[in-house]
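Scroll down for the structure; my scribbles are underneath it.
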Amino acid sequence: MIRIKLKNKTAHKVTKRLKNRARIRKKVDGASDRPRLSVYRSGRHVYAQIIDDSTGKTLVAYSTLEGNLKKKNVETAKAVGQELAKRALGKSIKSVVFDRSGYVFHGRIKAVADGAREAGLSF
């Protein structure tokens, strides 16, 4: 058996996620009545924003960079989802479409979604 070793496994993971993201974005579209909640996760932080795709503008955004949320765990991601939902409800956004950006729906991505649901957003 011949084994081919990739030079950079991280590059392979990123391109795989971007392909998944493109496939998801074909189906998920945020309108003005139901905008898109997009989540991005880096090694250190979690970013979430609510986007109106018809105008191409970000309506609400929150991340672990704001406030005292410096840890990179599930509880912090849940707090990001809750704070984002509070800000969205303040701007009378009650229903969104969830865009996981090609990530698997578990861990920090799921925690953002659960936190937003608990705070009152529906999707």
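The values are calculated or read from the model by the stated rules, or taken from the named source; none is laboratory data. As the structure is a prediction and not an experimental result, all values here were calculated from the model. Because the Cβ atoms are built from the backbone with ideal geometry, glycine has one as well, and the counts that use them run over all protein chains shown. Surface areas here come from the heavy atoms of the whole protein model, side chains and all, with no ligands, DNA or RNA. Shrake-Rupley method; radii C 1.70, N 1.55, O 1.52, S 1.80 Å.
Note on residue 19 and residue 40: the model spin-label points, each 7 Å out from Cα along the C-beta direction, lie 2.3 nm apart. When each of the peptides 74-81, 102-109, 43-50, 54-61 is scored by the mean number of other C-beta atoms lying within 10 Å of its residues, the order from highest to lowest reads 74-81, 43-50, 102-109, 54-61.
Each of 69, 107, 119 was scored by the projection of its Cα onto the charge dipole of the chain, and the greatest displacement toward the positive side belongs to 107; charges sit on the C-beta of Lys, Arg, Asp and Glu. Under the convention that each Lys and Arg Cβ holds +1 and each Asp and Glu Cβ holds -1, the size of the dipole of the chain around its Cα centre is about 960 debye. The portion of the accessible surface of region 31-123 made up by carbon and sulfur, rounded to a whole percent, is 49 (1.4 Å probe; DNA, RNA and ligands excluded).
Helix-only arithmetic for the chain: the sum of -39500 (n - 2.57) across DSSP H runs with n ≥ 4, divided by the residue total, places the mean residue ellipticity at 222 nm at -13000 deg cm²/dmol. Remark on the chain: ratio of C-alpha radius of gyration to 2.2 N^0.38 Å is 1.15. The mean accessible area for residues of the chain, using a 1.4 Å probe and ignoring ligands and nucleic acids, is 66 Å² per residue.
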